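Since the structure comes first, as structure tokens, the remarks are kept for the end.
The values are calculated or read from the model by the stated rules, or taken from the named source; none is laboratory data. As the structure is a prediction and not an experimental result, all values here were calculated from the model. Here the Cβ positions follow ideal geometry from the backbone for every residue, glycine too, while neighbour counts run over all protein chains shown. Please note that ligands, DNA and RNA were not included when accessible areas were found on the heavy atoms of the full protein model with its side chains. Shrake-Rupley method; radii C 1.70, N 1.55, O 1.52, S 1.80 Å.
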Amino acid sequence: MSAINPGVYKAILHTKCAVPFDIACLLMRLYSYMMNIGVVSMLTLAGYSFLDAGLTSSLIAVSIFIIAPRISKLIDERGQSKVIPVAAAIALLGLVSMLINVSLHSPVWLLYINAIFMGFLPNAQAIARTRWAYLLRSGKLGDAAPELRTVFSYEGVLDDVAFMFAPAFSIAMASNVAPIAGLVSGGIFFLVGITLLCLSKSTEPTPGWSDRGKTDQPVKKARTKSIIRTSSIVRILFLLLFFTGAFYGVFDTASIALAEDLGNPNIASIGLVLGAIISMIVGFVFGMIRMNVAQYKQIVCFSALIGIAYGSMMLISSATSFIVVSCIGAMFYAPFLIVANATCERAVPGKHLTEAITWINAGMSCGIAIGPTLAGVVIDELGSIACFDMGGAIALMIPLTAALCFRIIKKNVRTGSYEAL
């Protein structure tokens, strides 16, 4: 059973101590979503080839995938204020160096080096969600605390807002002002966000925090194994979000190819924008729903729903069917991601939560990076319709994986917040 309460977001808006770090993480997210497409537009407008631009952007993605979880592990072990400024300084150094090299039209190998340093990017999504989980689990917000589902829905809406507007803003700045203008503005957003986050120390989680009543006790600072090695749930969620990113990358690429086949480039943008708007609205509404359903059942259920919804892309054969599938699939996209993050919170102790959320986000990013490559091969050989078929098959791997791992999920996902044993 479930109930809808439209007033649940009031508790978030009234949590004044969270405002600074949420604004900070939103600004950081704007830069992270601007970065890859911003690099491509900047380099091509500055006279570099699309191959050079694509390789540089891919190097940033690979660097983030390798480095970001390790940064988050250090954040969990040593604290946000000790690790984030250092990592951010390295990332900004890489950005500034790239901007200078592009302005001077330096050799492309220098851009590759810059791209690696830009990958030292603290994961804003994980940082914000961990701070919220810390405030809620520790009881610091008292009886006025919002529901964790509502918080994750709210954070999901912020993700969607940044995802929708940041890339378009970056491209517009690069095209209309100067090639480097998009990433310059992104770097300013990131710098302001990092500064604001580091000043918000009252909401910073104590290293080693785990459960209510133990959050502020001193802990032994010992290096531990990565959560991806010790938690089966994190590995399962990584895999589920990898398939999600992969089918979405295929879906985006195939939609552009379909639009070209039909001779109407607006079809792709209309379908994708409608899907993004629907996802944002549904995610917002989903946060109002209080579901009295075990968390392990929720993740399995929404895995089935998103898999079947986007598995229907196998039926796409026209502009109308593409838009219908895009809208139907978007109805389950945000709820699935919200439930996945909530499942991670239920299965992982607080002292590893930043790393865990970063890992599952890395799974999504890895899938998004691989999806377009697979799509390009299939489109060149078989066409856009066959590419949608492949995307649908990848989407159906989500419910299949959840079903095969059902026993593990049920055993390891707790009903309430994680309690240290």
Filter result for the condition that a residue is of a type in the set (Val, Ile, Thr) and crowded, with 20+ Cβ neighbours inside 10 Å, over Ile71, Ile100, Ile66: Ile71
Filter result (part of a helix (DSSP H, G or I), farther than 15 Å from Arg29 by Cβ and either touching a Pro at 6+ places or on another chain (Cβ under 9 Å) or acidic (Asp, Glu) (or both)) within the stretch 147-181: Ser153
Helices (runs of 4 or more DSSP H) within the stretch 304-421 that include 3 or more residues under 30 Å from Ser269 (Cβ atoms): 319-347, 353-382, 384-404
Close pairs from the stretch 377-389: first under 11 Å from Thr253 (Cα atoms), partner modelled with pLDDT under 85 and open to solvent by 70 Å² or more (accessible area, probe 1.4 Å), Cβ under 6 Å, at least 6 apart: Ser384/Asp261
Some residue of the stretch 312-331 being touching a Leu at 6+ places or on another chain (Cβ under 7 Å), open to solvent by 30 Å² or more (accessible area, probe 1.4 Å) and within 23 Å of Phe242 (Cβ to Cβ): no
Unmet requirement for Val282, which otherwise passes all of (1) farther than 23 Å from Leu374 by Cα; (2) in contact (Cβ under 8 Å) with a residue 60 or more places away in the chain: (2)
Out of Glu147, Glu77, sole residue that is open to solvent by less than 40 Å² (accessible area, probe 1.4 Å), on the phi < 0 side of the Ramachandran plot and touching a Lys or Arg at 6+ places or on another chain (Cβ under 7 Å): Glu77
Residues located in the stretch 245-299, provided they are part of a helix (DSSP H, G or I), polar (S, T, N, Q) and under 25 Å from Val378 (Cα atoms): Thr253, Ser255, Asn266, Ser269
Candidate set from the stretch 340-395 (those that are buried (at least 24 other Cβ atoms within 10 Å of the Cβ) and of a type in the set (Asp, Glu)); member that is modelled with the lowest pLDDT: Glu345
